[in-house]
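The values are calculated or read from the model by the stated rules, or taken from the named source; none is laboratory data. Computed from a predicted structure; not experimentally measured. Cβ coordinates were reconstructed from backbone atoms using ideal geometry, including for glycine residues, and neighbour counts include every protein chain displayed. The accessibility values were calculated without ligands, DNA or RNA, using every heavy atom of the protein model including side chains. Shrake-Rupley method; radii C 1.70, N 1.55, O 1.52, S 1.80 Å.
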Amino acid sequence: MSAPRFDELIHAPTRLSLVSLLAATDWAEFRYLRDQLGLSDSALSKQLSTLEQAGYVEVRKSFVGKRPRTSVKLSRHGRGAFDGHVAALQQIVARAGTSVLPGA
């Protein structure tokens, strides 16, 4: 488990949802992320650019036939930041005698 470390970049609700989705998979297609998060293409692109600049995601662009495909993966650095952020959130809510873990 990672050391608790609150991460302001990940904490924004849209990015937290995005990183959470990426943490549950290896590579995710842009369309899947857009549809799951209910974002426009431009809004998702902006969030991915922010995360990519921070080194939290890897973006792979390719073509299937003549159609462009963008896939995204949480980087090792991004995974560590996410795990540390989740640990920090758990630590914060534990002070109130509550847990963010189901059944705990």
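Based solely on its DSSP helices, what 222 nm [θ] is calculated for the chain when runs of n ≥ 4 H residues each add -39,500 (n - 2.57) and the sum is averaged over all residues, nearest 500 deg cm²/dmol?
It lands at -16000 deg cm²/dmol.
Roll a 1.4 angstrom probe over the protein heavy atoms and tell me the percent of accessible area of the chain that is carbon or sulfur.
51 percent
Which value, in debye to the nearest 20, describes the size of the charge dipole of the chain about its Cα centre when Lys and Arg Cβ atoms bear +1, Asp and Glu Cβ atoms bear -1, and nothing else is charged?
340 debye
If you fit an axis through the alpha-carbon atoms of helix 76-94 and take the longest principal axis of the Cα set of the chain, what angle between them do you get, 0 to 90°, nearest 10?
Roughly 30 degrees between the two axes.
Ranked highest first by average number of other Cβ atoms within 10 Å, how do 83-92, 41-50 line up?
Most protected by this proxy first, the peptides run 83-92, 41-50.
Let me know the Rg and Dmax you get for the chain when you use only its Cα atoms, in Å.
For the chain, the Cα radius of gyration and maximum Cα-Cα distance read 15.0, 54 Å.
Sort largest first and round to whole Å: the equivalent ellipsoid semi-axes of region 26-86, each the square root of five times a Cα gyration tensor eigenvalue.
21, 13, 10
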